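A short write-up of the structure that comes next.
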Amino acid sequence: MGYNDKHLLGTGKMGIQNSARLDSLIATLHSVVLVAILVASAAAQAAPASGQNLPDAPSAAQQRQRRSFGTTIGSAAKTIGHDEWHLITAPLNLDGVSLRSSTPIYKTPMFWNATVLTATGVLIANDESVASQVPTAWHQTSTNLSDGLTYGTAATAGGIYLAGLVTHDDHAQRTGVLSAEAAIDTFLLTEGAKLIFNRERPYTSYDGKFFAGNFSSGSFPSGHAAFTWTLASVIAHEYPQWPVQVAMYGIATAVATTRVTGGQHFPSDVFFGSTLGFLVGRYVANKDKHDQDGAPHPHNKVTRLPSAMLAHVSFQ
């Protein structure tokens, strides 16, 4: 490693450490906002209907409300746990994998697992060269852009939910709640993966070593990319008009790209994070699809692709 490389590593290390602290604050803020949405939804469901309060027995009414609220919160926690279990075990689901099976190969979990892992492996092999070629002059602008777009995506999901409350739009409220659920699922998965893989960040080391003891600010996978792709996936699913899809997926792509040009992540980090986020969002949005009468069904191959990727995930 030459002098310039060492100089870049030295000057970049402090910036990466500061950015890692900012990432932790952002992740915490996102979690608080999303939990608040779920709690608000639970409170709305737990609130007694108008006229049911008994003026002469307020304590009894309050007790009923607290029990109802507690039950709803418990149900929300159970739902998150259920999601995590299915998302973690989904890659191990080998239904339909058989030489005699009539299931097309592209609809099997083995095909998609192999595709994602192969693509991630190819990117990991080239991460070092890509990181070393990103101009340091791009870092601050790209980082600011990725942070701003991430906040904007979270604000969009929260705004949809609040607009639904104001206008009594059940679909908008449902979209907000699904966004919160999916984002919490993604947060738990990505933070768990970071703790497991402990990958070094770019400019801490160009090598991007795994299992390097980087518990506080792991690089793999990218939380920003996973978070924005999760919300984009849910919102685009619930509002399938092409302008919405182009806007949401465009923002998510911009966040993933600027995490690399900002020197915050390697390409493999954002690819895996984006894929994880997209699949989690689609899973949560599609869980109850059998209960949605009259829901539109895609007819072209491009829009059927996500369904094929999720064919091995059991929707219950």
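Which residues, counting only those in region 157-176, are touching a residue at least 60 places away in the same chain (Cβ under 8 Å) and surrounded by fewer than 21 Cβ atoms within 10 Å (Cβ to Cβ)?
Initially, region 157-176 is screened for residues touching a residue at least 60 places away in the same chain (Cβ under 8 Å), giving 157-158, 160-161, 165, 171, 173-176.
Across region 157-176, the qualifying residues are Gly158, Leu165, His171, Arg174.
I need a count of the residues in region 159-175 that are touching a Ser or Thr at 6+ places or on another chain (Cβ under 8 Å) and not β-branched (Val, Ile, Thr). Lay out the reasoning, then the answer.
From region 159-175, those touching a Ser or Thr at 6+ places or on another chain (Cβ under 8 Å) are 160-161, 164, 173; that's our starting set.
This time we only want the ones that are not β-branched (Val, Ile, Thr), so: 161, 164, 173.
Looking only at that region, the number is 3.
Specify which of the listed residues (Thr228, Thr190, Thr253) is among the hydroxyl-bearing types (Ser, Thr, Tyr) and either out of contact with any helix residue (DSSP H, G or I) (no Cβ under 7 Å at 6 or more places or on another chain) or over 24 Å from Ile88 (Cα atoms) (or both).
On the way: Thr228 fails: either out of contact with any helix residue (DSSP H, G or I) (no Cβ under 7 Å at 6 or more places or on another chain) or over 24 Å from Ile88 (Cα atoms) (or both); Thr190 fails: either out of contact with any helix residue (DSSP H, G or I) (no Cβ under 7 Å at 6 or more places or on another chain) or over 24 Å from Ile88 (Cα atoms) (or both).
Just one listed residue meets the conditions, Thr253.
Taking the conditions exactly as written (out of contact with any strand residue (DSSP E or B) (no Cβ under 6 Å at 6 or more places or on another chain), of a type in the set (Phe, Trp, Tyr), surrounded by fewer than 20 Cβ atoms within 10 Å (Cβ to Cβ) and assigned to a helix (DSSP H, G or I)), does Tyr249 satisfy them or not? Before the answer, list the steps.
Numbers: out of contact with any strand residue (DSSP E or B) (no Cβ under 6 Å at 6 or more places or on another chain): yes; of a type in the set (Phe, Trp, Tyr): yes; surrounded by fewer than 20 Cβ atoms within 10 Å (Cβ to Cβ): yes; assigned to a helix (DSSP H, G or I): yes.
For Tyr249, the condition - out of contact with any strand residue (DSSP E or B) (no Cβ under 6 Å at 6 or more places or on another chain), of a type in the set (Phe, Trp, Tyr), surrounded by fewer than 20 Cβ atoms within 10 Å (Cβ to Cβ) and assigned to a helix (DSSP H, G or I) - is met.
Test Ala182 against the stated conditions and say whether it is surrounded by fewer than 24 Cβ atoms within 10 Å (Cβ to Cβ) and among the small types (Gly, Ala, Ser).
Details: surrounded by fewer than 24 Cβ atoms within 10 Å (Cβ to Cβ): no; among the small types (Gly, Ala, Ser): yes.
No, not satisfied.
Filter region 215-246 down to residues that are closer than 18 Å to Val260 by Cβ and part of a loop (DSSP other than H, G, I, E, B), then give me how many there are.
The total comes to 6.
We did not get these values from a lab; they are worked out from the coordinates using the rules stated. Predicted, not measured: the structure shown is a model, and the values here were computed from it. Every residue, glycine as well, gets a Cβ built from its backbone with ideal geometry; the counts of neighbours run over all protein chains shown.
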